[in-house]
Amino acid sequence: MFSKVLVANRGEIAVRVMRACEELGVRTVAVYSEADKHGGHVRYADEAYNIGPARAADSYLDHESVIEAARKADADAIHPGYGFLAENAEFARKVEASEFKWIGPSADAMERLGEKTKARSLMQDADVPVVPGTTEPAESAEDVKAVAEDYGYPVAIKAEGGGGGRGLKVVRTEEEVDDQFETAQREGEAYFDNASVYVEKYLEAPRHIEVQILADEHGNVRHLGERDCSLQRRHQKVIEEAPSPALSDDLRERIGEAARRGVREAGYTNAGTVEFLVEDGEFFFMEVNTRIQVEHTVTEEVTGLDVVKWQIRVAAGEELDFSQGDVEIEGHSMEFRINAEAPEKDFAPATGELTTYDPPGGIGVRMDDAVRQGDEIGGDYDSMIAKLIVTASNREEVLARAERALAEFEIEGLRTVIPFHRLMLTDETFREGRHTTKYLDNVLDPDRIEAAVERWAPDAVSNDNDEEDVTERTFTVEVNGKRFEVSLEERGAPAIPLGDVSGGSASQSSGPRKRREDSGGDQQQIIEGDGESITAEMQGTILSVDVGEGDEVEPGDTVCVLEAMKMENDVVAERGGTVSQVLVGEGDSVDMGDVLLVLE
Ligand code: MV4
């Protein structure tokens, strides 16, 4: 085994790799950029080296700086994590030529699988189904038309060097072929320095299924089952899970064995992932990722195997000590990427200080992260700040446990995608596991994303705190021995006299007030007439409205239910009357003092 490993990465994956090293009794070396001087991976490592400016090209991507740090540290091996240099065959080759071991597949195997037509014909040789199409680069638009004649439109023109959604053109009619062929070539040249393209039949709504592979240097190849990564937004994975809710046991077995045959054919070693598209009970090879992936965690959770530890062991020459038959999938696991992004603003990256960071815990909850409260999240690298991995004995239990864990997760100072995840956990298509790769981009109604943010991150989107100097103070009060937390907003004078605070039933104030403008409400509602208003006792969410306009209510009737502090509170009319206005609906967030309805 190695004595010391340099991790050429940052953030949660660098810490993940170092944790594996720690368990193997291996010392750890971090490298960091100017932006990461106090990064979590630097804090974790036994020693750390500055390798340059914040810009990744000048630090984490700089071959010589990384190798130089390994020399200074006298490391034995380099682990690249994911992203950055992980799939750079040229860098892998440099490391192979150095005194350090490369913890990953050989540079040769990376090259064999990096070019898509090479990988396609290699897979065909191993009897792995590929999407019908060409295994040679397409020379002209005529080659594209020939594929369409055999299999029909639509067809996909893909860049030889592509991957992850870039360099993919969908052609639906013969008229579009000439233009799209040229565009694909031009983009391939621009993005990947490779104008070569090839053609496949285009599948309209496939699922993305990928198989985790481990292979040692003694000829053993194992698969660790599949992950379902169909829930993607613009080619970015959002939630991943294992096993897939969409595969039969028979299909699962056939895909796993196909992946094994494919990587064996490629002479592949270390960890890798074989990606497939699955549609109508058929599966097709798409590409091989020659690195540890973000979502390897869910495979670890359902197999009990430590994939990263095995990467290190295999690179040190050790043999896999389990047979394919030993690999058992038990239970179900989901990973939620906690990205610093504002979901309602087209997932725009967010930056700022993590003024509160209080992650969930308890049974079945794993947090892979490298941040702590007080850290500054800058915009230099990707927006993923943590991964929440939830595991239980079956998918239904995972869904409930994940709802619980995401509700526990408290992050302040920074927008995150947590409200989006909470929306997905209430979404019927996702809950039933019927989503395809098209679901988020083409089917989900964007209004539901905005509503989710208003419901689960109301403070983040309310615009009444802008400009004005508002201090929020939280008080704990007991009413009849029951504890309430009340937050008050202070603007010069206290917004609501403390005397108004009473628990249990609704307070009524004579002389209706207008509802304060809040969460997304850009038109203000004005109450007319001189009825009596029923106001919210505390900030919360309306679970139900039990009366309608024109209804007669008696004193003591429940008019709506307000969820606050994780409790359901009946809002009760103190006096009787006719409901003249209902100002809230189910799912609305309300602040203390907001008018809910008016009685005449
Ligand atoms: C496809 C496809 C349908 N048919 N190829 C997108 C990423 C790139 N690496 C391959 N991609 C696709 N290739 C054929 N022949 C659909 C996609 C695709 C997709 C694949 C996986 C996950 C999400 C996706 C979203 C849109 C399109």
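The values are calculated or read from the model by the stated rules, or taken from the named source; none is laboratory data. What you are looking at is a predicted structure, and each value in this text was computed from that prediction instead of being measured. In this analysis, Cβ positions are derived from the backbone assuming ideal geometry, glycine residues included, and neighbour counts consider all displayed protein chains. Accessible surface is based on the protein model in full, side chains and every heavy atom, while ligands, DNA and RNA are left aside. Shrake-Rupley method; radii C 1.70, N 1.55, O 1.52, S 1.80 Å.
Taking the condition within 24 Å of residue 288 (Cα to Cα) and over 33 Å from the mean Cα position of the chain (by Cα), does residue 137 pass? Give the derivation first.
Details: within 24 Å of residue 288 (Cα to Cα): yes; over 33 Å from the mean Cα position of the chain (by Cα): yes.
So residue 137 passes the test.
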(message) Quick test of your reading of the structure: residue 378 fulfils all but one of (1) open to solvent by less than 50 Å² (accessible area, probe 1.4 Å); (2) modelled with pLDDT of 95 or more. Name the failing condition by number.
(response) (2)
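In this structure, is residue 230 open to solvent by less than 20 Å² (accessible area, probe 1.4 Å), within 16 Å of the ligand (Cβ to nearest atom), assigned to a loop (DSSP other than H, G, I, E, B) and of a type in the set (Gly, Ala, Ser)? Break it down into steps so the answer makes sense when it comes.
Numbers: open to solvent by less than 20 Å² (accessible area, probe 1.4 Å): yes; within 16 Å of the ligand (Cβ to nearest atom): yes; assigned to a loop (DSSP other than H, G, I, E, B): no; of a type in the set (Gly, Ala, Ser): yes.
No.
Touching a helix residue (DSSP H, G or I) at 6+ places or on another chain (Cβ under 7 Å) and closer than 15 Å to residue 109 by Cβ, is that true of residue 259? Write out each step before concluding.
On the way: touching a helix residue (DSSP H, G or I) at 6+ places or on another chain (Cβ under 7 Å): no; closer than 15 Å to residue 109 by Cβ: yes.
When the stated conditions are applied, residue 259 does not pass them.
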(request) Could you figure out which of (1) more than 16 Å from the ligand (Cβ to nearest atom); (2) in contact (Cβ under 8 Å) with a residue 60 or more places away in the chain; (3) surrounded by 15 or more Cβ atoms within 10 Å (Cβ to Cβ) isn't true of residue 218? (result) (3)
(request) Among residues belonging to region 164-177 that are open to solvent by 50 Å² or more (accessible area, probe 1.4 Å) and in a strand (DSSP E or B), point out the one that is nearest to residue 200 (Cα to Cα). (result) 168
(request) Please tell me if residue 82 is open to solvent by less than 70 Å² (accessible area, probe 1.4 Å) and either assigned to a loop (DSSP other than H, G, I, E, B) or in contact with a Phe, Trp or Tyr (Cβ under 9 Å, 6 or more places away or on another chain) (or both). (result) yes
(message) So for region 241-258 (the condition being within 11 Å of the ligand (Cβ to nearest atom) and buried (at least 17 other Cβ atoms within 10 Å of the Cβ)), does at least one residue qualify?
(response) no
(message) Is it the case, given these coordinates, that residue 206 is more than 10 Å from the ligand (Cβ to nearest atom) and open to solvent by less than 30 Å² (accessible area, probe 1.4 Å)?
(response) no
(message) Exactly one of these conditions fails for residue 177: (1) out of contact with any helix residue (DSSP H, G or I) (no Cβ under 9 Å at 6 or more places or on another chain); (2) within 16 Å of the ligand (Cβ to nearest atom). Give me its number.
(response) (1)
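From the set of residues in region 7-23 that are open to solvent by 40 Å² or more (accessible area, probe 1.4 Å) and not basic (Lys, Arg), which is farthest from residue 383 (Cα to Cα)? Even if it seems obvious, please write down each step before you answer.
Our first condition is that a residue be open to solvent by 40 Å² or more (accessible area, probe 1.4 Å); within region 7-23, this holds for 10, 19, 22-23.
Remaining after also requiring not basic (Lys, Arg): 22-23.
Numbers: 22: 27, 23: 28 Å.
The extreme case among them is 23.
Listed here are the residues, each with its yes/no results for (1) within 21 Å of residue 116 (Cβ to Cβ); (2) in the same structural domain as residue 281 (by the TED database); (3) aliphatic (A, V, I, L, M); (4) in a helix (DSSP H, G or I).
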{"residue": "137", "(1), (2), (3), (4)": "yes, no, no, no"}
{"residue": "146", "(1), (2), (3), (4)": "yes, no, yes, yes"}
{"residue": "162", "(1), (2), (3), (4)": "yes, no, no, no"}
{"residue": "182", "(1), (2), (3), (4)": "yes, no, no, yes"}
{"residue": "211", "(1), (2), (3), (4)": "yes, yes, yes, no"}
{"residue": "219", "(1), (2), (3), (4)": "no, yes, no, no"}
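Regarding residue 330, is this residue assigned to a loop (DSSP other than H, G, I, E, B) and of a type outside the set (Val, Ile, Thr)?
On the way: assigned to a loop (DSSP other than H, G, I, E, B): yes; of a type outside the set (Val, Ile, Thr): yes.
Spelling it out, residue 330 is indeed assigned to a loop (DSSP other than H, G, I, E, B) and of a type outside the set (Val, Ile, Thr).
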(request) Select the helices (runs of 4 or more DSSP H) contained entirely in region 1-77, then report the ones holding at least 3 residues which are hydrophobic (A, V, I, L, M, F, W, C) and in contact with a His (Cβ under 7 Å, 6 or more places away or on another chain). (result) 11-24
(request) Within region 430-444, count every residue that is over 16 Å from the mean Cα position of the chain (by Cα) and either away from the ligand (no atom under 16 Å from the Cβ) or open to solvent by less than 30 Å² (accessible area, probe 1.4 Å) (or both). (result) 4
(request) Go through region 275-296 and give me each residue that's within 24 Å of residue 78 (Cβ to Cβ), surrounded by 24 or more Cβ atoms within 10 Å (Cβ to Cβ) and in contact with a helix residue (DSSP H, G or I) (Cβ under 8 Å, 6 or more places away or on another chain). (result) 288, 290, 292, 296
(request) Looking for whichever is closer than 10 Å to residue 198 by Cα, touching a helix residue (DSSP H, G or I) at 6+ places or on another chain (Cβ under 8 Å) and within 13 Å of the ligand (Cβ to nearest atom) here; the options are 116, 158. Which one fits? (result) 158
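Could you grab me the full set of residues in region 265-320 that are assigned to a loop (DSSP other than H, G, I, E, B), of a type in the set (A, V, I, L, M) and within 20 Å of the chain's Cα centre (by Cα)?
Filtering region 265-320 for residues assigned to a loop (DSSP other than H, G, I, E, B) gives 266-269, 280-281, 290-295, 304-306, 316-320.
If we keep only those that are of a type in the set (A, V, I, L, M) too, we end up with 266, 292, 294, 305, 316, 320.
Passing the criteria: 292, 294.
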(request) Give just the number: which of (1) buried (at least 24 other Cβ atoms within 10 Å of the Cβ); (2) within 16 Å of the ligand (Cβ to nearest atom) does residue 212 not satisfy? (result) (2)
(request) Name, by its number, the condition in (1) more than 16 Å from the ligand (Cβ to nearest atom); (2) touching a residue at least 12 places away in the same chain (Cβ under 8 Å) that does not hold for residue 196. (result) (1)
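Take the conditions within 13 Å of the ligand (Cβ to nearest atom) and among the aliphatic types (A, V, I, L, M) and apply them to residue 184. Does it pass? So that I can check it myself, show each step before the final result.
On the way: within 13 Å of the ligand (Cβ to nearest atom): yes; among the aliphatic types (A, V, I, L, M): yes.
Yes, satisfied.
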(request) List every residue pair whose Cβ atoms lie under 8 Å apart, where the two residues are 6 or more positions apart in sequence or sit on different chains, the first residue falls within region 132-157 and is of a type in the set (Asp, Glu), and the second residue, located anywhere, is within 16 Å of the ligand (Cβ to nearest atom). (result) 136/117; 136/198; 143/134; 143/199; 150/132
